[in-house]
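The values are calculated or read from the model by the stated rules, or taken from the named source; none is laboratory data. Since the structure is predicted, the reported quantities are computational estimates derived from the model, not experimental observations. Counting neighbours? That spans all protein chains shown, and the Cβs are built from the backbone with ideal geometry, glycine included. Just so you know, the surface numbers come from the protein's heavy atoms only, side chains and all, with ligands and any DNA or RNA stripped out. Shrake-Rupley method; radii C 1.70, N 1.55, O 1.52, S 1.80 Å.
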Amino acid sequence: MKFHVRLKELRQQQNLTLRKLGEKAGVSYSILNSIENGRIEPSKDVVIALAIALKIEDREELLSLATNPSEG
C-alpha cells in the first residue's frame, strides 16, 4: 500500500478533514493535500508529525511506506 492511500484511510477513520489533521500535525493544508494525492513524498519529520496527530503507535509502518514508495 502506498503512503498516501494509507494516510487517507487513517484520516477518514478518525473523521478528520485535511485542514483539521494539518492543524493537529502542524503541516499546511496544501502540503497535506499534495501528499494525500500522491504528488509529493513526505519527509520523515512530516510522517512522524502525522503519526502523532493520528495517534498511531506503530510509526515504523508509516515511515516504511513513506521511505519506500516503490514498494507500496
Given a 1.4 angstrom probe, I'd like the percentage of the accessible area of the chain that is carbon and sulfur, rounded to a whole number. 47 percent
Please work out which option in (1) -0.65, -0.91, -1.05, -1.08; (2) -0.24, -0.73, -1.33, -1.45; (3) -0.58, -0.89, -1.09, -1.11 gives log10 I(q)/I(0) by the Debye sum over Cα atoms at q = 0.12, 0.20, 0.26, 0.27 Å⁻¹ calculated from these coordinates, and answer with its label. (2)
Which value, in debye to the nearest 20, gives the size of the charge dipole of the chain about its Cα centre, when Lys and Arg are +1 and Asp and Glu are -1 at the Cβ? 320 debye
Result for the chain: accessible area per residue, probe 1.4 angstrom, in square angstrom, of 61 Å²
